[in-house]
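Student: Let me begin by handing over the structure; questions about it come next.
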Amino acid sequence: MAYQALYRTYRPETFGQMAGQKHITTILMNQVREGQLSHAYLFCGSRGTGKTTTARILAKAINCLHPENGEPCLRCDSCRTAAQQNADIIEIDAASNTGVDNVRDLISQAQFAPLQLKYRVFIIDEVHMLSPAAFNALLKTLEEPPEHVVFILATTEPQKLPATIISRCQRFDFHRLTVPEIIGYMQYILQADGAQVEPDGLRIIARAADGGMRDALSLLDQCLSFCGGKVTAKDVQMVLGIMDEDFLFDMAETLLTGDARGALLSLDQVVRQGRDMSVFAGELAGHMRSLLLVKACGDCADLLAVTADRLARYQKQAAKHANARILYAMEKLMAVQNDMRYFPSPRMLLETVLVRIAQPVDDESVEALAARLALVEEKLKNGVPAAPAASAAPVIQAAPAPKAAPAYEEDYLPEPPPEEGYLPEEAYEASESPAQATPSAPVSQPAPAAPKAAPRPTGGGEADEAILADALWKQVLARVQKVNALVHRSAAFGQATELTEEQLTVSFPAEYVGKLKMLNARSVAVIQGELDALKPGVHLLLKEGESDKDVADLVGLFKDKLTIT
């Protein structure tokens, strides 16, 4: 006899032999035992969950001469006849018989009494493939079939069925099988077949099957053909083309710690071993998902279907990294899987994504900013020194004032690197006395270009006020840089400043005057709020313009906060 696949050789013959689906088999057994059969059943569920197998068992059970607690006895003439091809149990593939003529033939057959069994059973697989005309032809017979006829419809896509068909059937939804259920059935088959597979290998197969028993048995059959009667976890990884657990943990660590070089070298190992790039990206995304679930749920060994030792490894790695970093990596890896199918060089695309995950510097999305912030926090937490601050620049304390403008998170951009001579906000907060930040007299001289390690001012004097004016304006620019990409790319926006009691005067290069009008209203509101926070009532003086229209546009934006000369 020719060799049969495992899923055909060990197909269940009773409801009790089925893996999972107790919510369905219990109802069907009770109906058979009590004799309360429906004229039509609809079995819905993903592939490999037991729809066709359940339909065949039900066909035997309702025709069994001596059912045992709702189960077919498998010994009577009817059970032996039902186990073979016969004229009373008819299986139809709707994918190959989609037309109305095929349904008319089925209806005509339903009018005849069964030849050998008690009921004539029609099992229509993939019923969603029938045409609309075929469904309409089936409606009346499906609603009121002859007493000796039972319809069993099976489909993986119930949403494609007309509501009129669904309303005429008893619907049963098959669940995806869990990893323990798949492992348990594979162990039963291995014991009957006299083969051995390591527990870790069975777990890998069960997880790869994604809830489908037929997929799991096909992979098991493949592994047994590759290795014979004894299969190790390494053999399973070889057959499935996946990487081992230690490699995934190391790869995830290099990405989450920002080691782009290590990530690219690890990817080169994957390529040299001949692994599929898309499969590897999916594995890595699944590893990130496991870390995310561990951080969110804590002890979730059942949810991840892993051993206690592996759960402890997940918990240890997840504890070292922020949610934002893990989530950013997971989203990037999930997105690249779809793109790799259409890209001529999958390795190049995956390398680009790995570098972005490790160093999300050039990505200006909110997710990338959160990932960058999380990476900085991790380095500070682990004792890695941060970038040196501009501590050598003059530090001047500004008068404390509430921030008038709201912060709009969606407009924020990455902070630009500090320029030479730039005074960060922290410089004003660390000053010795608030009185030093208030100018005592009008100043009308240009601010110093880029002072290097200038001494801390002691208060008063025209030089101190010029430095303060330059620092205040650069602080305004720093705020604008967070919410507007145009200003962020213009490093030397303002050239010279003057601070008086009534206005802050800024000289702009002519090419930036036209760009100023491109600021949106939200950015302008931030500028106005910062001006009010720095010095109430202060005005912005623009000394150059390109055209009357530019002037009108700017006046419309800044209103009374702008004076043009």
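Since every read-out is calculated from the coordinates, none of them should be taken as a lab result. Since this is a predicted model, take the numbers as computed values, not measurements. For neighbour counting, all protein chains shown are included, and Cβ atoms are generated from backbone atoms with ideal geometry for every residue, glycine included.
Student: Would you mind checking which residues have amide H under 5 Å from I89's amide H? H placed 1.01 Å from N; only 5 or more apart, or other chain.
Tutor: Counting only residues 5 or more places away or on other chains, the set is V121.
Student: Moving to a separate point now. Taking the highest mean first, how do the peptides 297-305, 163-171, 149-157 order by number of other beta carbon atoms within 10 angstrom per residue?
Tutor: Numbers: 297-305: 13.4, 163-171: 15.2, 149-157: 21.9.
With the highest mean Cβ count within 10 Å placed first, the list reads 149-157, 163-171, 297-305.
Student: On to the next question. Taking the Cα centre of the range 318-373 as origin, sum charge times position over the Cβ atoms of Lys and Arg (+1) and Asp and Glu (-1), and report the length of that vector in debye to the nearest 20.
Tutor: Numbers: 7 positive and 7 negative charges, 50 e Å.
Its charge dipole is roughly 240 debye.
Student: Considering only N69, N97, M129, whose Cα is most displaced toward the positive end of the charge dipole of the range 6-173, charges sitting on Cβ of Lys, Arg (+1) and Asp, Glu (-1)?
Tutor: N69
Student: Within 11 Å, Cβ to Cβ, of A233, how many net charges do the neighbouring residues add up to if Lys/Arg are +1 and Asp/Glu are -1?
Tutor: On the way: positive: R203, K234; negative: E198, D200, D235, D244, E245.
Neighbour charge sum, excluding A233 itself: -3.
Student: For the range 228-367, what's the relative contact order in percent, using C-alpha pairs closer than 8 Å and at least 6 residues apart?
Tutor: Numbers: 128 pairs, mean separation 44.0, N = 140.
Relative contact order comes out at 31 percent.
Student: Could you give each residue of the range 119-133 its phi-based ³J(HN,Hα) in whole Hz, using Karplus coefficients 6.51, -1.76, 1.60 with θ = phi - 60°, and x for Gly or Pro?
Tutor: Whole-Hz 3J(HN,Hα) from phi for the range 119-133: 10, 9, 10, 10, 9, 9, 8, 6, 5, 5, 7, 5, 6, x, 5.
Student: Under the rule a/c < 1.5 gives rounded, and otherwise a/b versus b/c splits prolate from oblate, where does the range 245-381 land using the Cα gyration tensor? All intermediate terms of the calculation are to be shown ahead of the outcome.
Tutor: Working: a/c = 1.69, a/b = 1.18, b/c = 1.44.
Cα axes put the range 245-381 in the oblate bin.
Student: Indicate, rounded to the nearest 5 percent, the antiparallel portion of the DSSP beta bridges found entirely in the range 6-173.
Tutor: Values: 1 of 20 bridges.
Here the antiparallel bridges make up roughly 5 percent for the range 6-173.
Student: If amide hydrogens are placed 1.01 Å from N in the peptide plane, which non-local residues have theirs closer than 5 Å to the one on L65?
Tutor: Amide H neighbours of L65, under 5 Å, 5+ apart: S78, C79.
Student: Using alpha-carbon pairs under 8 Å, 6+ residues apart, how would you state the relative contact order of the range 179-240 in percent? Working shown, then result.
Tutor: Values: 63 pairs, mean separation 24.6, N = 62.
It rounds to 40 percent for the range 179-240.
Student: Which shape class, rounded, prolate or oblate, goes with the range 1-130 when its Cα gyration tensor gives a ≥ b ≥ c as root eigenvalues, a/c under 1.5 marks rounded, and past that a/b bigger than b/c marks prolate? Please report the intermediate quantities before stating the final value.
Tutor: Details: a/c = 1.39, a/b = 1.19, b/c = 1.16.
In terms of gyration-tensor shape, rounded.
Student: Counting only other residues whose beta carbon sits under 14 Å from that of T52, what net charge do I get with K and R as +1, D and E as -1? Please list the in-between numbers first.
Tutor: Details: positive: R8, R11, R47, K51, R56, K60, R214; negative: E13, E91, D93, D125, E126.
Residues close to T52 contribute a combined charge of +2.
Student: Go through 84-92, 53-61, 201-209 and give me the packing order, highest mean Cβ count within 10 Å leading.
Tutor: On the way: 84-92: 15.3, 53-61: 23.9, 201-209: 22.3.
In descending order of packing, they fall as 53-61, 201-209, 84-92.
Student: Placing +1 at every Lys and Arg Cβ and -1 at every Asp and Glu Cβ, with all other atoms neutral, what dipole size does the range 6-173 have around its Cα centre, in debye to the nearest 20?
Tutor: Working: 17 positive and 17 negative charges, 63 e Å.
The calculation lands at about 300 debye.
Student: Could you sort the peptides 265-271, 32-38 by per-residue average Cβ neighbour count (10 Å cutoff), highest mean leading?
Tutor: Per-residue Cβ counts within 10 Å, averaged per peptide and sorted highest first, yield 265-271, 32-38.
Student: Then there's this: Of the cross-linked pairs K160/K234; K60/K160; K230/K332; K22/K118; K51/K118; K51/K295, which ones have a Cα-Cα span greater than 31 Å in the structure shown?
Tutor: Details: K160/K234 42 Å; K60/K160 29 Å; K230/K332 38 Å; K22/K118 26 Å; K51/K118 22 Å; K51/K295 37 Å.
With Cα atoms farther than 31 Å apart: K160/K234; K230/K332; K51/K295.
Student: A further question on this structure: Specify whether the C-alpha gyration tensor of the range 103-240 places it in the rounded, prolate or oblate class, a ≥ b ≥ c being the square roots of the eigenvalues: rounded for a/c under 1.5, otherwise prolate if a/b is larger than b/c and oblate if not. Don't jump to the answer; show the numbers that get you there.
Tutor: Values: a/c = 3.42, a/b = 2.42, b/c = 1.42.
It comes out prolate by the Cα gyration axes.
Student: I would also like to ask the following. Compute the separation of the alpha-carbon centres of the range 238-313 and the range 3-62 and state it in Å as a whole number.
Tutor: Comparing the Cα centres of the range 238-313 and the range 3-62, I get a distance of 37 Å.
Student: Of L304, H321, I357, which is farthest on the positive side of the dipole of the range 245-381, counting Cα position, with +1 on Lys and Arg Cβ, -1 on Asp and Glu Cβ, and the Cα centre as origin?
Tutor: H321
Student: A follow-up question, please. Where nothing but the Cβ of Lys and Arg (+1) and of Asp and Glu (-1) is charged, how large is the charge dipole of the range 179-240 around its Cα centre, in debye to the nearest 20? Numbers along the way, then the final one.
Tutor: Values: 5 positive and 8 negative charges, 18 e Å.
The dipole of the range 179-240 has a size of about 80 debye.
Student: Non-local amide H neighbours of V231 (under 5 Å, H modeled in plane, Pro and chain starts lacking H): which ones?
Tutor: Here the answer is Q196, V197, E198, since their amide H atoms fall under 5 Å of that of V231.
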